[in-house]
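Here, each number is a calculation from the coordinates, and none is a lab measurement. Predicted model only: the values in this text are computed from it and were never measured. Reconstructed Cβ throughout: ideal geometry from the backbone, glycine too, with neighbour counts over all protein chains shown.
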Amino acid sequence: MSKICFLLLMLASLLAGTPASAQLYDVRPGDVNYNKKPRAALKVQVDGKATDVRAFFQDWMKSSYNVKFKAGGVLGFNKSDVLVARQTPASTISGKLVDLYATIIAPSDSVAEVAIFGGFDDNTFFDPSSIKTEYDALRAIAQNFAGAARLKAYRDMIAEAEKKLKATEKEKERLEKEQAALRSNTEANLARIEELKKKNAENLLQSRTDSASQTKNNLLLDESRLRLQRRRDRLSALDRKN
C-alpha cells in the first residue's frame, strides 16, 4: 500500500471518529451569561480539545486582528473560562475602543465551542437588534476563525496520520528485522543440529569400532592370562623336581 493511500485511509478514520454535527464550523447566534446577564454572542463549534482550541484562538486573534486576549475571571467566570481584551483598538469592528470577550467550552472530548461577544463598556454590549454593525463585524470574525480552525483541524489530522504512518513503518521495519534474525537463528540451529547428528553418527560408528576392538582385546587378555598361568605352573613343577 502506498503512503498516499495509507494517509487517506488514516484521515478517513480520523474523520469517522469526529462527532457528526450540522453545527460544526457553522457560526450561529447565541447567548453567554456574563456579568449576571445574558449577552448576545456568536458561537461556533470546531474540532479539537478545548485547551488546544483556546491557545489557537488567542494566537489567531493576535496575528489576524492584533487583539491580545488575556485570561480574566469576572462575575460568574473563572480565570480559565473567559478571555478578555479590554479597550482594545479593532478597526474591523469599530472606530472606537471595544471590549472583546471569548469563552471556550468542551461539548465533547474532541470538539470545542468558541463564543465571541463584546461591547463598548460593561454596560453596552453588541446586539443584533441595537448595535447591529459591530455585532455583524463580530460574526465575520467568528466566520473567519471557523475557516482557520477547519484548516488547522485538517492539518492536524494529516499530521496525526503521518505520525501514525511513520510509527507503522517503524514497526514494520522492526518486525522485518526480528523475522530476519529469527530465520537466521533457525538456520544456524538447523545447521548445528545437522552437525550434531553427523557427530553422533561418527560417535556411534567409533563406538561400534571400539566395542569390536574391546571384545578382541578381552580375548587377547584372557589368552595372555592363560598363557602366563601355564608358564607359572610349568615353572612351579620344575622347581619341585629339582
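Of note:
- Segment D122..D109, full-extension length gain: 1.4 nm, with 0.36 nm per residue of separation and the alpha-carbon distance subtracted.
- Compactness of segment 196-242, taken as the C-alpha radius of gyration over 2.2 N^0.38 Å, stands at 2.12.
- Within the listed set A148, A191, A137, the Gaussian network model of the chain (springs between alpha-carbon atoms below 10 Å) gives the highest mean-square fluctuation for A191.
- Sequence-distant lysines (8 or more away, or on other chains) whose Cα lies within less than 27 Å of K96: K36, K37, K43, K62, K68, K70, K79, K132
- Considering only S211, S108, S130, the Gaussian network model of the chain with Cα springs below 10 Å gives its largest mean-square fluctuation to S211.
- FRET efficiency estimate (nearest 0.05) - Cβ-Cβ, R86 to L151, R0 35 angstrom: 0.75
- Farthest positive-ward along the chain dipole, Cα basis, beta-carbon charges - from V53, T209, L151: T209
- Segment 114-242: radius of gyration and largest Cα-Cα distance (Dmax), Å: 50.7, 160
- Charges were assigned to the Cβ only: +1 to each Lys and Arg, -1 to each Asp and Glu. The resulting dipole of segment 120-187 about its Cα centre is roughly 420 debye.
- Compared with the direct C-alpha span, the chain from A212 to K49 gains 50.0 nm at full extension, assuming 0.36 nm per residue.
- The chain: angle of helix 3-16 to the longest principal axis, Cα-based, in degrees nearest 10: 60 degrees
- Taking the Cα centre of the chain as reference, the dipole from Cβ charges on Lys and Arg (+1) and Asp and Glu (-1) amounts to some 2020 debye.
- Cβ-derived FRET efficiency at R0 35 Å, K163 paired with R183, nearest 0.05: 0.70
- Computed FRET value (nearest 0.05) for L205 with L228, which takes r as the C-beta separation and R₀ as 41 Å: 0.75
- Karplus-based coupling profile of segment 191-197, in residue order and whole Hz: 5, 5, 4, 4, 5, 5, 4, with θ = phi - 60° in 6.51 cos²θ - 1.76 cosθ + 1.60 and x standing for Gly or Pro.
- MRE, 222 nm, helices only [DSSP H, n ≥ 4, -39500 (n - 2.57), over the chain, to nearest 500]: -21500 deg cm²/dmol
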